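Enquirer: The structure follows.
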Amino acid sequence: MKIAIVGTGYVGLVTGTCFAEVGIDVTCIDIDQKKIDNLHQGILPIYEPGLEEMVSRNVEKGRLQFSTNLAEAIQDCDVAFIAVGTPPGEDGSADLKYVLAVARGIGENMKSYGVIVTKSTVPVGTAAKVRAEIEQALAKRGADIEFDVASNPEFLKEGAAIDDFLKPDRIVVGVASERAEEVMRRLYKPFLLNGHPIIFMDIPSAEMTKYAANSMLATKISFMNDVANLCEIMGADVNKVRQGIGSDARIGTKFIYPGIGYGGSCFPKDVKALIKTAQENGYKMQVLQAVESVNEQQKSVLFDKVSRHFGGELRGLKMAVWGLSFKPKTDDMREAPSLVIIEKLLAAGCTVTAYDPVAMPEARHSLGDSIVYAKDEFAALIDADALLVVTEWPDFRAPNFEVVARLMKQKVIFDGRNIYEASELKELGFAYHCIGVRTEH
Ligand code: NAD
């Protein structure tokens, strides 16, 4: 089979590379010439564990190509995926201008039957808009070419994207014809061999599934953060409560970790978009509105603890920050809680020295030279008045606390991810604050 992936970002590049890995002929297309030039030289636009090696292997085998030429790539492919961004518009709804521009381009250039698949996260009704856009472009050039649209939302997690794609919990595909179903089943067959299910459904249900999934996950996070804040007030320990509830199979152990709020390119925008879709259709997503407002509040919790600890006198203090990306194993800084925390620290008159194993170049785009970027986690601690753990990279999980203590000016840790043992740090003379546990000052 021959496929085209339009949009070579986190999703497009992983999707294209994984399809190439099982022997499919893939062209990844992007409008960003520099991105494509870099990919031709083996330079990836993103950090994703294992991806660089997999890209170069498949390029060498001739199964994976990169291009800016949509017209050429689209001509004889069986399936074209649209994997461009769908950022939130000013009103919170998903901005479909990139998706529809690609649909137009496909209509202007396709030569024979193909299935056009939206992989981007798009609201219910988008596949119908994609179909209309392609029909219009075909009509304009007087072409009578049959095609199908399909919806195939992506569930990969940054940081574990390859594994998620190669061994998916499930593949969801929305189709409106048997022919499209057959093509999509054939395309995904190599990924289904070990019992990974493919779930076919109508297109609107597939489009909604992605939003419902992300919104459910965001709900778990905000719920747990709400519980954590109450635990702290009441003198309960959220770490114990988490274990207590997680052992109930109906609740499960995943996504119930308290922290500093969800971020990234998906949860914030998808929650907003679903709230907006409901509003536009006369319905109010009350739970999701609360999920969003708890999350906004949660991004300030760590800073508030810092401020309280130092009695509101933060001017001139030196803060060390460990972790900048919105979660470990990615360089994605979109909507990262670190940005909110750092902005507050700087506004309060602190200086900030940060270290992140991979996200510092990306962070520089938003933070510029307002902070100092350290060469490693220990360099960030030199003369620091406090350490804030913002992203739970494995590198930070078990540092040598004696070295930490020696390097810092004041032995104070604010753990936004609850990765340390309060008793151990107390013994070593640290003041330790985490989320959802009342700590002594
Ligand atoms: P991204 O910003 O990393 O990549 C999008 C790419 O599309 C960019 O490289 C951009 O240059 C390119 N592009 C824009 N317009 C184009 C056009 N007309 N022709 C060709 N290329 C074009 O975005 P992403 O994180 O990969 O997300 C893409 C979609 O997938 C979004 O809808 C997102 O919600 C969804 N999604 C993302 C993730 C994730 O973890 N990042 C997971 C699941 C779903």
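Enquirer: Extension gain ALA139-MET1, at 0.36 nm per residue separation less the Cα-Cα distance, in nm?
Expert: 47.0 nm
Enquirer: So who's got an amide H within less than 5 Å of the one on ILE171, skipping anything under 5 residues away but keeping other chains? H placed 1.01 Å off N, in plane.
Expert: For ILE171, the qualifying residues are ILE198, ILE199.
Enquirer: Using the Cα centre as the reference, give the magnitude of the dipole from point charges on the C-beta atoms of region 211-297 (Lys, Arg: +1; Asp, Glu: -1; all else neutral), rounded to the nearest 20 debye.
Expert: Working: 9 positive and 8 negative charges, 46 e Å.
Computed about the Cα centre, the dipole is about 220 debye.
Enquirer: Give me, ordered by chain and number, the residues 5 or more places off VAL372 or on other chains with an amide H under 5 Å from its own placed amide H.
Expert: VAL352, THR353, ALA354
Enquirer: Each residue of region 180-185 in turn: what ³J(HN,Hα) in whole Hz from Karplus with 6.51, -1.76, 1.60 and θ = phi - 60°, glycine and Pro shown as x?
Expert: Once θ is set to phi - 60°, the couplings for region 180-185 become 5, 4, 5, 4, 5, 5 Hz.
Enquirer: At 0.36 nm per residue, and after removing the present C-alpha to C-alpha distance, how many nm does the segment from LYS409 to ASP248 gain when stretched out fully?
Expert: Values: separation 161, 0.36 × 161 = 57.96 nm, distance 4.35 nm.
So the extension gain works out to 53.6 nm.
Enquirer: I've got another one for you. Is the shape of region 2-201 best called rounded, prolate or oblate, per the rule: a/c under 1.5 gives rounded, else a/b larger than b/c gives prolate, else oblate, with a ≥ b ≥ c the square roots of the Cα gyration tensor eigenvalues? Don't skip to the answer; put the middle values down first.
Expert: Numbers: a/c = 1.36, a/b = 1.23, b/c = 1.11.
In terms of gyration-tensor shape, rounded.
Enquirer: Taking each pair of different alpha-carbon atoms in the chain once, compute 1/r for the pair, average those values, and report the inverse of that mean as the Kirkwood hydrodynamic radius in Å to one decimal. Spell out each step's value before the answer.
Expert: Details: mean 1/r = 0.0426 Å⁻¹.
Mean inverse Cα-Cα distance, inverted, gives 23.5 Å.
Enquirer: Please list 3J(HN,Hα) in residue order for region 409-424, calculated via the Karplus relation 6.51 cos²θ - 1.76 cosθ + 1.60 where θ = phi - 60°; whole Hz, with x for glycine and proline.
Expert: For region 409-424, the Karplus-derived couplings read 6, 10, 8, 10, 10, 10, 9, x, 10, 6, 9, 10, 8, 4, 5, 5 Hz, x marking Gly and Pro.
Enquirer: To the nearest 20 debye, what charge dipole does the chain have about its Cα centre, counting +1 at the Cβ of each Lys and Arg and -1 at the Cβ of each Asp and Glu?
Expert: Working: 49 positive and 60 negative charges, 84 e Å.
Dipole magnitude for the chain comes out near 400 debye.
Enquirer: Also, I was wondering about something else. Give the long-range amide H neighbours of ASP95: residues separated by 5 or more places, or on another chain, with amide H under 5 Å away, using H modelled in the peptide plane at 1.01 Å from N.
Expert: GLY89
Enquirer: Which residue, chosen from PHE378, GLN75, PRO268, occupies the Cα position most advanced towards the positive end of the dipole of the chain, where the dipole is computed from +1 (Lys, Arg) and -1 (Asp, Glu) charges on Cβ about the Cα centre?
Expert: Looking along the dipole axis, the top candidate is PRO268.
Enquirer: Between the alpha-carbon centers of region 17-36 and region 282-312, tell me the distance in whole angstrom.
Expert: Going from one Cα centre to the other spans 39 Å.
Enquirer: Quick one: grab Rg to one decimal and Dmax as a whole number for region 299-433, Cα atoms only, in Å.
Expert: According to the Cα coordinates of region 299-433, Rg and Dmax are 13.4, 40 Å.
Enquirer: Tell me the mean residue ellipticity at 222 nm calculated for the chain from its helices only (DSSP H runs of n ≥ 4, each -39500 (n - 2.57), averaged over every residue, nearest 500). Before the final figure, lay out the partial values.
Expert: Working: 17 runs with 193 residues, N = 441.
The helix-only estimate for the chain comes to -13500 deg cm²/dmol at 222 nm.
Enquirer: How would region 33-74 be classified by its alpha-carbon gyration tensor: rounded, prolate or oblate, with rounded meaning a/c under 1.5 and the a/b versus b/c comparison settling the rest? Write down the numbers at each step before the final one.
Expert: On the way: a/c = 2.27, a/b = 1.40, b/c = 1.62.
Oblate is the answer for region 33-74, as a/c is 1.5 or above yet b/c matches or exceeds a/b.
Enquirer: Quick one: plug the Kirkwood hydrodynamic radius of region 122-241 (C-alpha pairs) into Stokes-Einstein at 20 °C, 1.002 mPa s, and report D in µm²/s. Each step should come with its number before you reach the end.
Expert: Numbers: Rh = 17.3 Å.
After rounding, the answer is 124 µm²/s.
Enquirer: Let me ask something else about it. Using DSSP, restrict attention to beta bridges with both residues in the chain and report what percent are antiparallel, rounded to the nearest 5. Write down the numbers at each step before the final one.
Expert: On the way: 2 of 45 bridges.
In the chain, approximately 5 percent of DSSP beta bridges are antiparallel ones.
Enquirer: Using the Karplus curve 6.51 cos²θ - 1.76 cosθ + 1.60 with θ = phi - 60°, work out ³J(HN,Hα) for each residue of region 186-193 in order, rounded to whole Hz, and write x for Gly and Pro.
Expert: 5, 4, 8, 3, x, 8, 9, 4
Enquirer: Using a basic spin-label model with each label point 7 Å from the Cα along Cα→Cβ, how many nm lie between SER307 and ARG186?
Expert: Here the modelled spin labels are 6.1 nm apart.
Enquirer: Based on alpha-carbon centroids, what's the gap between region 145-162 and region 323-360 in Å, whole number please?
Expert: Centre-to-centre (Cα) distance: 30 Å.
Bear in mind that the values in this text are calculations on the coordinates, not laboratory data. These figures come from a predicted structure and were not determined experimentally. As a convention, Cβ positions derive from the backbone with ideal geometry for all residues, glycine included, and neighbour counts pool all protein chains shown.
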